Amino acid sequence: LATVSRLAKNFSDIVRSHSEAFSGLVSGIPYGDHESAAVIRALITGSQKDISPEVRDAFRDSGASHILGLSGMHLALIYAIMLKILAPIGNGPAARKIRSVLIIISSGYYTLLTGASPSLVRAFLFIALKETAAILGRETKAMGTFSTALMIQLAVAPANICSAGFQLSYLAVAGISLLHPVTKEWYPGPATPMKRIWDAASLTISCQIFTAPAVWLHFGTFPKYFLITNLIAVPLSNCIMTAAVITVLLASAGCCPEMLALACGKATGLLCSILEAISTLP
């Protein structure tokens with residue numbers, strides 16, 4: 001037991017050290033004005049300590065608080081970037097297994113670096129289960145992965161059941177898995193621009209229907225303009241996070257693209273302005 005405890009402490013110290021180094025790297029990138037830089041740091045590391053109360057209120061009142069807090073959306077973006085980065089290794093059986101192992105390791109490492117919040121752990125478990133099934137040559141089903149991840153997470157940390165982030169994360173996934181396949185078919189047809197807009201809108205509606213009771217229970221409010229917010233803010237924040245992650249990767253390699261960093265800052269300023277405008281609607 002003493003050996004296990006010592007190993008756990010050493011591992012915790014290593015993770016803490018790497019987390020501090022990662023936060024320092026992100027903080028050292030010149031994203032432009034202070035407010036934009038603070039929002040980008042929240043998007044990448046989950047730390048919201050430097051965000052002003054006004055901006056935090058704008059995100060909350062417009063229904064975009066989930067963008068600031070690290071969640072499945074953030075890890076899904078990391079997952080997509082890893083797939084692109086690892087695509088050159090090929091598509092043979094051995095290459096696919098190597099890619100799956102590297103994705104599990106990198107996703108788990110990012111989860112630990114950024115504090116392993118319940119919603120982020122949920123997303124990591126989904127990725128780990130999916131990629132493990134791929135390594136073993138097995139198929140996965142959405143609700144099977146959902147149930148397995150839920151049981152694992154509650155078995156390891158039962159207190160998570162009381163966490164708002166935990167509840168909202170699983171409820172959102174339940175909405176996507178159970179309701180979204182139905183609502184997106186309300187607008188049948190080929191993949192036209194209007195069809196893509198409806199797919200995004202139906203995804204948001206499905207999530208909100210399932211998460212609304214928990215949102216009301218925990219926060220006593222419900223954002224009226226969540227549909228407008230998510231149709232605008234989610235695509236824009238995904239672009240910002242993609243560019244910011246690329247900037248961090250290049251900065252870690254000793255090459256910080258200032259133009260890309262400044263573009264991230266400008267786009268983040270635009271995002272904040274849009275959310276502030278939505279939050280002031282009657």
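Structure notes:
- Condition check for LEU281 on (1) under 21 Å from THR45 (Cβ atoms); (2) hydrophobic (A, V, I, L, M, F, W, C); (3) surrounded by fewer than 17 Cβ atoms within 10 Å (Cβ to Cβ): one failure, at (1).
- Selection count, segment 61-107, where residues are within 21 Å of the chain's Cα centre (by Cα) and over 26 Å from LEU250 (Cβ atoms): 6
- Within segment 252-269, the set of residues being surrounded by 13 or more Cβ atoms within 10 Å (Cβ to Cβ) and of a type in the set (A, V, I, L, M, F, W, C) comprises CYS256, LEU260, ALA261, LEU262, ALA263, CYS264, ALA267.
- Of everything in segment 211-224 that is crowded, with 16+ Cβ neighbours inside 10 Å and within 17 Å of ALA201 (Cα to Cα), the residue that is modelled with the highest pLDDT is THR211.
- Every condition in (1) surrounded by fewer than 13 Cβ atoms within 10 Å (Cβ to Cβ); (2) within 30 Å of ALA21 (Cβ to Cβ) holds for MET241 except the one numbered (1).
- Flag for SER202 being more than 20 Å from ASP57 (Cα to Cα) and in contact with a Gly (Cβ under 9 Å, 6 or more places away or on another chain): no
- Qualifying residue in segment 182-193 (condition: touching a helix residue (DSSP H, G or I) at 6+ places or on another chain (Cβ under 7 Å), at pLDDT 90 or above, over 30 Å from ILE85 (Cβ atoms) and not hydroxyl-bearing (Ser, Thr, Tyr)): no
- When GLY165 is tested against (1) under 29 Å from THR221 (Cα atoms); (2) modelled with pLDDT of 90 or more, just one condition goes unmet, and that condition is (2).
- Screening the candidates THR247, THR204, THR211 for the property of being of a type in the set (Ser, Thr, Tyr), part of a helix (DSSP H, G or I) and in contact (Cβ under 8 Å) with a residue 60 or more places away in the chain yields one hit, THR247.
- Per-region count, segment 87-107, residues among the small types (Gly, Ala, Ser), surrounded by 18 or more Cβ atoms within 10 Å (Cβ to Cβ) and farther than 22 Å from ALA243 by Cα: 1
- THR268 being among the hydroxyl-bearing types (Ser, Thr, Tyr), modelled with pLDDT of 90 or more and assigned to a helix (DSSP H, G or I): yes
- Summed over segment 21-55, the residues that are within 14 Å of GLY269 (Cα to Cα), part of a helix (DSSP H, G or I) and open to solvent by 40 Å² or more (accessible area, probe 1.4 Å) give a count of 3.
- Those residues of segment 73-86 which are in contact (Cβ under 8 Å) with a residue 12 or more places away in the chain and either surrounded by fewer than 22 Cβ atoms within 10 Å (Cβ to Cβ) or aliphatic (A, V, I, L, M) (or both), in sequence order: MET73, LEU75, ALA76, LEU77, ILE78, TYR79, ILE81, MET82, LEU83, LEU86
- Candidate set: segment 162-196, residues that are more than 20 Å from the chain's Cα centre (by Cα) and among the hydrophobic types (A, V, I, L, M, F, W, C); chosen: the one least open to solvent (accessible area, probe 1.4 Å): LEU179
- Exactly one residue out of LEU125, LEU120 is crowded, with 19+ Cβ neighbours inside 10 Å, under 25 Å from HIS18 (Cβ atoms) and modelled with pLDDT of 90 or more: that is LEU125.
- Residue within segment 151-158 that is buried (at least 18 other Cβ atoms within 10 Å of the Cβ), in contact with a Pro (Cβ under 8 Å, 6 or more places away or on another chain), touching a residue at least 24 places away in the same chain (Cβ under 8 Å) and not acidic (Asp, Glu) present: yes
The values are calculated or read from the model by the stated rules, or taken from the named source; none is laboratory data. Source: prediction; values computed, not measured. Here Cβ is always computed from backbone atoms with ideal geometry, including for glycine, and neighbour counts include all displayed protein chains. Ligands, DNA and RNA are excluded from the accessible area calculation, which covers all protein heavy atoms including side chains. Shrake-Rupley method; radii C 1.70, N 1.55, O 1.52, S 1.80 Å.
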